[in-house]
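Trainee: One structure, as structure tokens, below. Some questions next.
The values are calculated or read from the model by the stated rules, or taken from the named source; none is laboratory data. Given the structure is predicted, the values throughout are model-derived calculations rather than measurements. No Cβ is skipped: glycine too gets one built from the backbone with ideal geometry, and neighbour counts run over all protein chains shown.
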Amino acid sequence: MFLYFSSYYDSEEAYFMSTLLHVSASPRGAASDSRTLAGAFLDTHRQAHPDVTVEELNLFDATMPAFGGFAAGAKMAAFGGGQPSAEQQGEWDAARAVFDRFSAAVSYFFSVPMWNAGVPYVLKQWIDIISQPGWLFSFTPDAGYSGLIHGKKAAVIYTSGISIFRGMTANGACARSSRRPGPRRRDPWGGR
């Protein structure tokens, strides 16, 4: 199993958070290494920070809205400074509900198994749904992209079963690696 754990707290003020959203991207339940490691982290976090509410979001159990033609049309209308049409509004509102759950949290913890050197499709779908103009970022021709989410912290656990074939022990021992899966940091248009 491969594990990369990103730093969660940058300062003392980060300890005084009210809601931690745990986003799980594994369908394997109790058989999932990423869920097992997340459980250990969350147990420790709850003991250290009993005042923080942990909200669980298992992307494989969640019903996410389709982001089809109407939603894409609404997104393009927003990019152009307009409003979604009546036929686009339902899909846009469904996407907004997913974003609102995300933005209500003060901090985030992601447990992500690596699939084919990438993330599970449900995580990509979720990211695509919440990454909308006017919600997660703004855009102007002069300034380009600007993040709209500020002052929040995130931690990520990535796991991959393939690492046991590259010198890791078969009993699930973990190690930090300089070869990080996925992006090294959040995209700058998502905020800081």
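Trainee: I'd like to check which strands (runs of 3 or more DSSP E) are fully inside the stretch 24-143 and have at least 1 residues that are over 15 Å from the mean Cα position of the chain (by Cα).
Mentor: Qualifying strands (runs of 3 or more DSSP E): 53-58, 137-140.
Trainee: Moving on to the next point. Scan (1) closer than 26 Å to HIS45 by Cβ; (2) at pLDDT below 95 for the single condition TRP126 breaks and write down its number.
Mentor: (2)
Trainee: Being among the β-branched types (Val, Ile, Thr) and closer than 25 Å to MET76 by Cβ is the filter here, so list the residues in the stretch 98-150 that pass it.
Mentor: Within the stretch 98-150, VAL98, VAL122, ILE127, ILE129, ILE130, THR140, ILE149 meet the criteria.
Trainee: Determine which member of the set ALA78, ALA74 is more than 20 Å from ALA154 (Cβ to Cβ), modelled with pLDDT under 95, touching a strand residue (DSSP E or B) at 6+ places or on another chain (Cβ under 9 Å) and surrounded by 12 or more Cβ atoms within 10 Å (Cβ to Cβ).
Mentor: ALA78
Trainee: Would you be able to say whether some residue in the stretch 24-34 is free of Cβ contacts under 8 Å to residues at least 40 places away in the same chain and on the phi > 0 side of the Ramachandran plot?
Mentor: Scanning the stretch 24-34, I find at least one residue that is free of Cβ contacts under 8 Å to residues at least 40 places away in the same chain and on the phi > 0 side of the Ramachandran plot, so the answer is yes.
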